[in-house]
Every structure is written in C-alpha cells, then in structure tokens.
Amino acid sequence: MASKSTSRSRTSDGFAYLTKRIVVSKARSAGKAAAKNAMELMGYVVTVKAGWVVKEYQDGKFEQIEKLQEA
C-alpha cells in the first residue's frame, strides 16, 4: 500500500487550505509591497503612527494630519 505524501498546506485529499497564520503573513507582505509601490508612485503614503494619521514622504519627513480618538 503506497502512502500519500502531504505538505503542511494541503489536506490528505490534495486540496489546499488556508490558516490564519498564512493569511496574515500574505496580507502583511502584500501591504508592504503596496506601500512601497505607492511611495514610488505618489511620493508619500498615509499611515498611522503613535495615535496620529500621518503623511510620510520619501525623504523621511512626515506631517500629522489628525489625532485619532481614544476608545
């Protein structure tokens, strides 16, 4: 009787599955790639830093746009 080889991301019947860890990892890397592309295209990105919505520029400067409300 031959045994099936399985990988960590496939079920025994050959279908792929997603775990929370895989989804979070892929989303994080996609977000970093999108931010890099946006920075190259627009010259800035809008993000959150230390409770503020800020606009970060390519040269490292940032301007505070609005303070976030505390929950």
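Taking all protein chains together and rolling a 1.4 Å probe, LEU41 ends up with roughly 140 Å² accessible. From the coordinates of this entry, Kirkwood radius over Cα pairs in Å is computed, and it appears in (1) 13.7; (2) 17.1; (3) 15.7 under the label (3). Between 0 and 90 degrees, the angle of helix 20-42 with respect to the longest Cα principal axis of the chain falls at about 40 degrees. Starting from the 7 Å offset along Cα-to-Cβ, what nm value, one decimal, do you get for the label separation of VAL23 and ILE65? In this crude label model, VAL23 to ILE65 measures out at 2.7 nm. Each residue was assigned an accessible area with a 1.4 Å probe, and for TYR44 the value is about 70 Å².
A 1.4 Å probe over all protein chains sorts LYS20, LYS32, LYS67 by accessible area into LYS20, LYS32, LYS67, starting with the largest.
Highest GNM mean-square fluctuation among ALA30, ALA38, ALA50, for the chain modelled with Cα contacts below 10 Å: ALA50.
The values are calculated or read from the model by the stated rules, or taken from the named source; none is laboratory data. The structure presented is a predicted model; accordingly, all values stated were derived computationally and were not measured. Every residue, glycine as well, gets a Cβ built from its backbone with ideal geometry; the counts of neighbours run over all protein chains shown. Ligands, DNA and RNA are excluded from the accessible area calculation, which covers all protein heavy atoms including side chains. Shrake-Rupley method; radii C 1.70, N 1.55, O 1.52, S 1.80 Å.
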